[in-house]
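To keep things clear, I will list the structure first and then write my remarks on it.
Nothing in this text is a laboratory measurement; each read-out follows from the coordinates by a stated rule. This structure is a prediction, so every number in the text was calculated from the model and none was measured. When we count neighbours, we look across all protein chains shown, and the Cβ atoms used for this are built from the backbone with ideal geometry, even at glycine.
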Amino acid sequence: MTTDPRSLPPGLSRRTFLGAGALTAAGLGLFGCGGQSTTKSGGSANLQFMYWGSANEKAAIEQMIQQFQKSHSDIKVQPVHVPGDYETKVNTLVASGNLPDVAYMTAPTAYRLADQGKIANIYPHIEKYAQLSGRKPQNFFWYGDKKVAGTPAASEISLLWYNKDLFTDPSTVPPATADKAWAWDRLVEVATSLTLDQNGKRPSDSGFKPDRIRQFGISAPLTTQWTWYPLIRSNGGDVTDETGTKYTLNSPECVKVFQDLQDLIYKHKVAPSPAQLGGGADGSNAPTTTVQLQTKRVAMAIDGQWTLLDMGESDLKYGIGVLPSYQEPITQEAGSCRVMSATTKHPDQAIELYAYSVDGANSDLFKKGLWMPVETKYYSDDAAIDSWIKNDVHPPEYRTAAVDYRLNNSVRDFTQVLKNVPAIQEVLTPAIEQIATGKSPAKTVLDSLQAKVEPLLQGRYPIPNSI
């Protein structure tokens with residue numbers, strides 16, 4: 001189970017996730033001229049900006065740096081793209097005292113380095129920069145009172161994707177508003193109607209052959225919390241209690257969700273197992289969601305918003321809907337952390353670069369679909385919203401199915417607020433894979449985890465009600 005298929009740097013995941021956000025903007029628009037900091041940089045400086053990402057992301061970061069240097073002629077920035085094992089690179093640089101001035105960071109690493117005093121506390125800078133002050137408290141990585149390790153430059157949510165060509169019956173089209181979200185039983189009904197064996201029979205038909213399925217109704221990968229975490233939150237469950245010290249993943253609410261997901265594969269026969277997707281035990285090498293939908297291997301798929309980048313570059317007629325709902329409609333939101341070195345030789349210039357790089361305004365990857373902005377205005381002002389979603393990449397239903405959904409129905413990924421996540425994930429990952437492979441019922445696996453996970457729980461990082 002990957003912690004976050006897009007927040008993990010290369011070397012930890014086959015996918016890349018959030019990255020820079022900065023694209024010069026005009027007024028409330030996301031793409032124009034603006035995003036300037038409210039303070040002046042003092043003196044010349046040479047800085048480093050370290051990041052991971054695909055070729056698209058690399059090009060976007062280089063463009064962002066070029067734009068920054070045009071408006072900050074006294075600052076030279078060296079981009080440091082790390083295409084390999086990013087975490088190892090970070091640890092090596094920290095050990096040698098050479099952490100770059102500004103850098104991408106996974107949440108657990110950012111918290112660890114903040115506790116060690118290796119990265120700067122950006123809290124004192126929040127009010128000085130509009131790029132930071134225009135965010136909600138939950139959009140920062142808090143590690144203490146008035147202590148902030150960083151903020152995301154972009155964010156992502158979980159969505160339900162589908163191939164529009166396969167939905168000839170309007171009543172089966174995934175709903176695009178939270179208030180119309182399907183109940184779980186309805187999801188199973190629709191997925192059953194869209195699952196076909198080699199002879200065109202459905203699981204509800206006599207003679208259906210489950211070992212010869214050519215089209216699954218849905219792909220709902222259990223091996224990533226981008227599938228199961230929003231669903232357990234929808235059902236009133238969570239990994240821990242509110243203190244972050246008591247394990248609750250074996251509550252009836254959580255067990256229900258995990259068993260429902262397992263049943264999609266092994267009881268209802270409407271979803272592929274990791275092996276059937278060709279991705280191994282954890283599904284990490286499976287074809288992308290775009291390929292699965294394009295080849296009609298699946299009709300629907302739960303995946304992150306970042307999938308829109310691939311969708312937009314394909315000839316697939318795609319659509320998006322909200323996730324199924326239990327007690328209330330919920331999706332998961334997350335974003336990787338942008339940090340600034342505590343030992344930078346040029347703190348005034350480094351914070352200028354930092355603020356510029358997290359501005360929702362410096363790469364076309366918002367318009368292309370890889371990222372969603374973080375600043376509140378891009379979810380509350382019509383002109384600002386149109387500046388990044390009014391294009392051919394974002395389908396018509398995107399405004400309600402993604403923008404409004406994130407604004408009104410999202411909860412933060414537990415890996416971004418829970419302490420000691422790496423140790424917890426080492427235990428959690430193989431257990432969830434057991435459920436995904438159908439080796440044990442969900443309750444058996446989740447009950448057995450309590451004695452292993454609870455000793456690792458160290459609480460949650462605090463999120464204040466206001467900045």
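Below are the figures for this structure:
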read-out: Dipole magnitude (debye, nearest 20) for the stretch 157-333, charges at Cβ of Lys, Arg, Asp, Glu; value: 660
read-out: Principal axis dimensions, the stretch 207-277 - Cα atoms, whole angstrom, descending; value: 50, 19, 17
read-out: ASP165/ALA275 FRET efficiency (R0 30 Å; Cβ-Cβ; nearest 0.05); value: 0.65
read-out: Under 16 Å from LYS439, Cα to Cα: lysines that are on another chain or at least 8 residues apart; value: LYS267, LYS269
read-out: Stretchable slack from GLN198 to ARG214, in nm (0.36 nm times residue separation minus alpha-carbon distance); value: 5.2 nm
read-out: Distance in nm between pseudo-label sites at VAL80 and THR376 (7 Å out along the Cβ direction from Cα); value: 3.5
read-out: Ascending count of other beta-carbon atoms within 10 Å, so fewest first, for ASP359, ASP310, ASP348; value: ASP348, ASP310, ASP359
read-out: Point-to-point label distance, ALA342-ASP205, nm (Cα→Cβ direction, 7 Å offset); value: 6.4
read-out: Label point distance in nm, SER440-THR88, each placed 7 Å from Cα along Cα→Cβ; value: 3.2
read-out: Violating pairs (Cα-Cα greater than 19 angstrom) within the set LYS246/LYS443; LYS136/LYS390; LYS296/LYS317; LYS317/LYS368; LYS76/LYS367; value: LYS136/LYS390; LYS76/LYS367
read-out: Summed residue charge, Cβ within 14 Å of ASP211's Cβ, Lys/Arg positive, Asp/Glu negative; value: +4
read-out: Quarter of the Cα convex hull surface for the stretch 44-127, i.e. its orientation-mean projected area (nm²); value: 6.5
read-out: Order of THR172, THR227, THR92 under a 10 Å beta carbon neighbour criterion, fewest first; value: THR92, THR172, THR227
read-out: Hydrodynamic radius of the stretch 367-467 per Kirkwood, over alpha carbon pairs, in Å; value: 17.1
read-out: 5 angstrom amide H check on SER410, placed H, neighbours 5+ away; value: THR331
read-out: Using alpha-carbon coordinates, inclination of helix 421-436 to the longest axis of the chain, degrees; value: 20
read-out: Relative contact order for the chain, counting Cα pairs under 8 Å that sit 6 or more residues apart, in percent; value: 27
read-out: Mean shadow area of the stretch 157-333, taken as a quarter of the surface of its Cα convex hull (nm²); value: 10.4
read-out: Debye log10 I(q)/I(0) for the stretch 113-166, one point scatterer per Cα, at q = 0.14, 0.28, 0.30, 0.31 Å⁻¹; value: -0.48, -1.18, -1.26, -1.30
read-out: FRET efficiency estimate (nearest 0.05) - Cβ-Cβ, ASP447 to GLN327, R0 22 angstrom; value: 0.50
read-out: Aspartates and glutamates whose Cα lies under 13 Å from that of LYS128, excluding same-chain neighbours fewer than 8 positions away; value: ASP348, GLU352
read-out: Value of relative contact order over the stretch 157-333, rounded to a whole percent, pairs C-alpha under 8 Å and six or more apart; value: 40
read-out: Helical mean residue ellipticity (222 nm; -39500 (n - 2.57) per DSSP H run of 4+; nearest 500) of the chain; value: -9000 deg cm²/dmol
read-out: Net charge of neighbours whose Cβ lies under 13 Å from the Cβ of GLU189, counting Lys and Arg as +1 and Asp and Glu as -1; value: 0
read-out: Per-pair calculated FRET efficiency, R0 = 30 Å: LYS147 and LYS246 via Cβ, rounded to 0.05; value: 0.75
read-out: Under the Karplus curve 6.51 cos²θ - 1.76 cosθ + 1.60, θ = phi - 60°, whole-Hz ³J(HN,Hα) for the stretch 185-194, x wherever Gly or Pro sits; value: 4, 5, 4, 4, 4, 5, 4, 5, 5, 9
read-out: Karplus-derived 3J(HN,Hα), 6.51/-1.76/1.60, for each residue of the stretch 58-68, Hz, glycine and proline x; value: 4, 5, 5, 5, 4, 5, 4, 5, 4, 5, 4
read-out: Cβ charges +1 (Lys, Arg) and -1 (Asp, Glu), total dipole of the chain, debye; value: 420
